[in-house]
Amino acid sequence: MIKALNISHFYGKEQVLYALDLEIKKGEFVFLSGDSGSGKSTLLSCLSTLLSPSEGELFLEGQRVDDIVDIDTFRQNKIGFVFQFHYLINYLSVFENISLAALQDKKPNINALLKELGILDLASRYPNEISGGQRQRVAVARALINEPIVIFADEPTGSLDSRNSTLVYELLSKAREKGTTVVLASHDLHVQEYATQMIKMRDGKIQ
Amino acid sequence: MISFKALSKNPFKSFLIFSSITIAVMAIFLISSVSQGVIGMYSKMIKTDGDIIITQKGIADTFFSNVDLGLLEKINALAHVKSSYAMIVGASPVGHLPIAGIYGVSKNHLNHYKLFKGHYPKEGQVLLGKTIAKQLHGRTVKIGNRRFRIAGAYKSDIGFEEGGVVMNIKDAGELFSRSASFILVSTDAPNNTDALVEKINKLDDEISVKTTQSFVKEYNQFKIIENSSLVISSLAFVMGLMGIASVMSMIVNSRKEEFGIMRALGKSRMFIIKNLFFETLIMSFSAYLFAFVLSFLILELLPHIDTLQGYMSGSLSWDISLYVLASTVVMALMGSLIPAWIAAKTDPVLLINQGCS
């Protein structure tokens, strides 16, 4: 489902990823772990098409990413993201934030999804009017709305307490049960409980 | 929809852009309108009073011109001369006011000033313009070293005149030591003034005779005012537009994180550019309209401020208004869309990280 061949990346002259080869199968819950600076966020960004790798090739669902003409539409249709900081747009309400990400035919499902995640009552509130845990649940809802084939999550619980962290892991785990592949980068070893595949990074290489 | 939300939910940023555009546009409007107003008032004063103007040859300013009053008789004797009158234009301290325009006019032209109080002045008397009359009290007023009796007050459509003092040309001649600043001639053949100009020119070697139309076009003082105002308003314009472009650019750069998130969510570059385009259009157009209305009100108010003695006046011309509107919108769009286009081409994750830094 995801295949990376010989992926390297440089920030200026500094190399942060070293010729990585990687394959992730459909329906996996991949736990990408490693110390700070090990390159896991950069790898996640490359795998999720948010960052063009300096070298190497990436295939998603058999398609070579560099050959995809409309990468924006591909991203909206196939990929969901959850970041460490919720990255909701501050001038849009919870409903509007999700609606912004939603494909036209998925917009009618927003309220049902919010209800499923227990945040329907927050629909008209703005990001600065809700708690950190609630914001991250909204971010998960935004990632799920288009029923993507894969969700990438970069330290999604980095700023949450353990109760809210567990809630986020469970939401992602439920998505995996429905067939969505999850790739999650984190320091939190609790992710192991949900993971089906572990990738450990060190100094820009897979151990 | 998103454009409106972005503006209304970020009131400080919106206010900053709105204010900077408003101030820049107002500066352009006020500087150009006031300088055009000053020229307009003086031109109107000359153009409405005659078809031909006679000044001293080679002078840079009518203030320094000295024409022999005796010419009036010779001019009146020429064919196609309907009427003629002489005038002295000067400036002097009047009462407690440091400076005011003084108009010494021939007796036959005194009725040009519409009396609303008193009578036309005899020797040793003056008429006060409506604006200056509000600031001078008493029966007499000191002008230069002489004291004059106030005979009455007059109204005029020209701010310059309402802020000045009218007296007989003889008194003005003594005050400014000259015969006349210029002579204005009306003709009964306004379509054939060239022949009359030529005839008048032959009357005296020391005079310059022109139609009032060409005088206004060629008058050095107007050129100086026009050129200085052009330089000042151009500088204000350029600086204002640069300000608009840089504020827009700063605002766009501060929103890189937002653009990164949108790109990560699959929104296209065009979606981002389109929304920013509408935001900029809404903001620049509404700020322009606000500045236009505010400038209009200020320009309407200026002639009624007594302390300005009616010397400040101006009106917004359509060509300047449209030019400023087009430039404002174009610069605001350039200031926002160029950095947005560059940002939209960057990898989303880099935008998000740049936005956080």
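The values are calculated or read from the model by the stated rules, or taken from the named source; none is laboratory data. The structure displayed is predicted, hence computed values, not measured ones. FYI the Cβ positions are ideal-geometry reconstructions off the backbone, even for glycines, and counts take in every protein chain you see. Each accessible area value is taken on the protein alone, full model and side chains, heavy atoms only, with ligands, DNA and RNA left out. Shrake-Rupley method; radii C 1.70, N 1.55, O 1.52, S 1.80 Å.
Inside segment B:94-108, can you point out the residues that are surrounded by fewer than 21 Cβ atoms within 10 Å (Cβ to Cβ), in a strand (DSSP E or B) and not hydrophobic (A, V, I, L, M, F, W, C)? Passing the criteria: only B:P98. Residues that are free of Cβ contacts under 8 Å to residues at least 24 places away in the same chain and in the same structural domain as B:S92 (by TED's automatic domain parsing) do not occur anywhere in segment B:117-129. Applying the criterion of being farther than 22 Å from B:G70 by Cα and assigned by TED's automatic domain parsing to the domain that holds B:H109 to the residues of segment B:189-217, the residue that is modelled with the highest pLDDT is B:D194.
For every residue, the table says whether it meets (1) over 24 Å from the mean Cα position of the chain (by Cα); (2) not in a strand (DSSP E or B).
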{"site": "B:Q36", "(1), (2)": "no, yes"}
{"site": "B:K44", "(1), (2)": "no, yes"}
{"site": "B:I53", "(1), (2)": "no, no"}
{"site": "B:G58", "(1), (2)": "yes, yes"}
{"site": "B:L69", "(1), (2)": "yes, yes"}
{"site": "B:A79", "(1), (2)": "yes, yes"}
{"site": "B:K82", "(1), (2)": "yes, no"}
{"site": "B:V89", "(1), (2)": "no, no"}
{"site": "B:S92", "(1), (2)": "no, no"}
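Within segment B:70-82, is there a residue that is in contact with a helix residue (DSSP H, G or I) (Cβ under 7 Å, 6 or more places away or on another chain) and crowded, with 19+ Cβ neighbours inside 10 Å? Within segment B:70-82, one or more residues are in contact with a helix residue (DSSP H, G or I) (Cβ under 7 Å, 6 or more places away or on another chain) and crowded, with 19+ Cβ neighbours inside 10 Å.
Checking each residue in segment B:126-149 for being part of a strand (DSSP E or B), touching a helix residue (DSSP H, G or I) at 6+ places or on another chain (Cβ under 8 Å) and open to solvent by 20 Å² or more (accessible area, probe 1.4 Å) picks out only B:R146. Residues of segment A:78-100 that are within 14 Å of the chain's Cα centre (by Cα), open to solvent by 20 Å² or more (accessible area, probe 1.4 Å) and modelled with pLDDT of 90 or more: A:K78 alone.
Taken as a whole, the condition of being over 27 Å from the mean Cα position of the chain (by Cα), open to solvent by less than 50 Å² (accessible area, probe 1.4 Å) and of a type outside the set (D, E) applies to B:S179. Picking from residues in segment B:1-12 that are in contact (Cβ under 8 Å) with a residue 40 or more places away in the chain and facing another protein chain (nearest Cβ under 10 Å), the one that is farthest from the chain's Cα centre (by Cα) is B:I2. So which helices (runs of 4 or more DSSP H) are wholly in segment A:80-146 and hold at least 3 residues that are facing chain B (nearest Cβ under 9 Å)? Those helices (runs of 4 or more DSSP H) span A:94-101.
Scan segment B:252-290 for residues that are over 18 Å from B:L7 (Cβ atoms), free of Cβ contacts under 8 Å to residues at least 60 places away in the same chain and open to solvent by less than 40 Å² (accessible area, probe 1.4 Å) and the total you get is 3. With respect to the stated conditions, A:P127 is open to solvent by less than 20 Å² (accessible area, probe 1.4 Å) and either in contact with a Lys or Arg (Cβ under 9 Å, 6 or more places away or on another chain) or basic (K, R) (or both). Within segment A:163-180, is there a residue that is at pLDDT 90 or above, out of contact with any Leu (no Cβ under 6 Å at 6 or more places or on another chain), within 14 Å of chain B (Cβ to nearest Cβ) and under 18 Å from A:F31 (Cα atoms)? Looking for residues that are at pLDDT 90 or above, out of contact with any Leu (no Cβ under 6 Å at 6 or more places or on another chain), within 14 Å of chain B (Cβ to nearest Cβ) and under 18 Å from A:F31 (Cα atoms), one finds none in segment A:163-180, hence no. Which of the residues belonging to segment B:332-342 are crowded, with 23+ Cβ neighbours inside 10 Å and not hydroxyl-bearing (S, T, Y)? Correct list: B:A332, B:G335, B:A340. Here's a check for you: in segment B:197-229, which residue that is part of a helix (DSSP H, G or I) and without any contact (Cβ under 8 Å) to a residue 12 or more places away in the chain is least open to solvent (accessible area, probe 1.4 Å)? Applying the filter and picking the extreme gives B:S214. What about B:T22, is it crowded, with 19+ Cβ neighbours inside 10 Å, assigned to a strand (DSSP E or B), in contact with a Phe, Trp or Tyr (Cβ under 6 Å, 6 or more places away or on another chain) and not aromatic (F, W, Y)? Against the criterion (crowded, with 19+ Cβ neighbours inside 10 Å, assigned to a strand (DSSP E or B), in contact with a Phe, Trp or Tyr (Cβ under 6 Å, 6 or more places away or on another chain) and not aromatic (F, W, Y)), B:T22 does not qualify.
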